[in-house]
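Student: Please see the structure below; I have some questions.
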Amino acid sequence: MLEIKNLHARIAEDGTEIIRGLNLTVKAGEVAAIMGPNGSGKSTLSYILSGRPDYEVTEGEVLLNGESILELDPAERASKGIFLAFQYPVEIPGVATMQFLKVAMNEQRKARGEAELTTPDFIRRVKEAAAELKIDMDMLKRPLNVGFSGGEKSVRKFSRWRCSSLCSACSMRPIPASTSMRSRSWQMASMR
């Protein structure tokens with residue numbers, strides 16, 4: 001569960017306060033979407049949650065499963081499942097998606113003090129996640145993000161979250177064209 005209590009935050013460089021008294025609770029299995037016009041604090045919130053250093057919390061707390069994350073560096077937050085995923089991930093020719101997933105999963109497991117997955121266990125988990133998300137396994141055999149459509153990149157992102165059994169995930173992505181194309185929404189999914 002992610003709990004944000006009376007969060008106040010500002011840009012560290014110039015002191016501009018962006019978030020004033022935000023409260024949010026996202027329980028396990030829930031998805032929260034925060035929408036609003038440009039400049040309303042959506043990106044600032046995602047940067048604060050992921051640990052970007054040029055944003056400063058001046059009041060309040062952020063708890064993940066009852067533990068404060070505000071003093072953790074970005075790598076520690078990522079190992080707990082709080083990280084920023086981008087709408088347009090970089091294409092990386094020569095890096096197999098499956099290998100990337102295996103390394104990412106095992107790094108998460110190592111950070112939690114768990115044993116690395118064997119190749120058969122890893123393949124089983126990926127197949128289960130692919131079936132659950134209705135992903136063609138051929139997509140996961142391609143180089144990382146190379147030639148993927150926007151939808152395929154999103155599916156790959158969700159497959160990583162699902163395979164890793166992460167607690168939470170942050171994603172910046174545009175909201176539907178039926179609203180404002182200049183607005184963005186921030187989504188957080190609590191995965192367990």
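Student: As an exercise: evaluate LEU63 against (1) surrounded by 15 or more Cβ atoms within 10 Å (Cβ to Cβ); (2) not in a strand (DSSP E or B) and give the number of the one condition it does not meet.
Tutor: Of everything listed in (1) surrounded by 15 or more Cβ atoms within 10 Å (Cβ to Cβ); (2) not in a strand (DSSP E or B), LEU63 misses just condition (2).
Yes/no matrix, rows are residues, columns are (1) assigned by TED's automatic domain parsing to the domain that holds SER43; (2) at pLDDT 85 or above; (3) exposed (fewer than 13 other Cβ atoms within 10 Å of the Cβ):
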residue: THR97; (1), (2), (3): no, no, no
residue: MET105; (1), (2), (3): no, no, no
residue: GLN108; (1), (2), (3): no, no, no
residue: GLU114; (1), (2), (3): no, yes, yes
residue: THR118; (1), (2), (3): no, yes, yes
residue: ILE123; (1), (2), (3): no, yes, no
residue: ALA131; (1), (2), (3): no, no, yes
residue: ASP136; (1), (2), (3): no, no, yes
residue: ARG142; (1), (2), (3): no, no, no
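Student: Continuing with the same structure: With respect to ASN23, determine if the residue is at pLDDT 90 or above, surrounded by fewer than 15 Cβ atoms within 10 Å (Cβ to Cβ) and at negative phi. Before the answer, list the steps.
Tutor: On the way: at pLDDT 90 or above: yes; surrounded by fewer than 15 Cβ atoms within 10 Å (Cβ to Cβ): yes; at negative phi: yes.
Against the criterion (at pLDDT 90 or above, surrounded by fewer than 15 Cβ atoms within 10 Å (Cβ to Cβ) and at negative phi), ASN23 qualifies.
Student: Is there a residue being touching a Leu at 6+ places or on another chain (Cβ under 8 Å) and either in contact (Cβ under 8 Å) with a residue 40 or more places away in the chain or closer than 20 Å to LEU144 by Cβ (or both) anywhere in the stretch 11-25?
Tutor: In the first step, residues of the stretch 11-25 are kept if they are touching a Leu at 6+ places or on another chain (Cβ under 8 Å); the result is 19, 21-25.
Next, from what is left, pick out any that are either in contact (Cβ under 8 Å) with a residue 40 or more places away in the chain or closer than 20 Å to LEU144 by Cβ (or both): none.
No, because not a single residue in the stretch 11-25 is touching a Leu at 6+ places or on another chain (Cβ under 8 Å) and either in contact (Cβ under 8 Å) with a residue 40 or more places away in the chain or closer than 20 Å to LEU144 by Cβ (or both).
Student: Condition (residue is out of contact with any helix residue (DSSP H, G or I) (no Cβ under 6 Å at 6 or more places or on another chain), without any contact (Cβ under 8 Å) to a residue 12 or more places away in the chain and part of a strand (DSSP E or B)) applied to the stretch 68-76: is it met by at least one residue?
Tutor: yes
Student: What's the total number of residues in the stretch 55-67 that are closer than 19 Å to ILE11 by Cα and either of a type in the set (Asp, Glu) or touching a helix residue (DSSP H, G or I) at 6+ places or on another chain (Cβ under 9 Å) (or both)?
Tutor: Step one: list which residues in the stretch 55-67 are closer than 19 Å to ILE11 by Cα, which gives 55-62.
Next, from what is left, pick out any that are either of a type in the set (Asp, Glu) or touching a helix residue (DSSP H, G or I) at 6+ places or on another chain (Cβ under 9 Å) (or both): 55-57, 59, 61-62.
Total meeting the criteria: 6.
Student: Looking for whichever is of a type in the set (Gly, Ala, Ser) and surrounded by fewer than 14 Cβ atoms within 10 Å (Cβ to Cβ) here; the options are SER79, SER40, SER68, SER46. Which one fits? Even if it seems obvious, please write down each step before you answer.
Tutor: Details: SER79 fails: surrounded by fewer than 14 Cβ atoms within 10 Å (Cβ to Cβ); SER40 fails: surrounded by fewer than 14 Cβ atoms within 10 Å (Cβ to Cβ); SER46 fails: surrounded by fewer than 14 Cβ atoms within 10 Å (Cβ to Cβ).
None of the other options fit; the residue is SER68.
The values are calculated or read from the model by the stated rules, or taken from the named source; none is laboratory data. Computed from a predicted structure; not experimentally measured. Ideal geometry is used to build each Cβ from the backbone, glycine not excepted, and the neighbour counts take in all protein chains shown.
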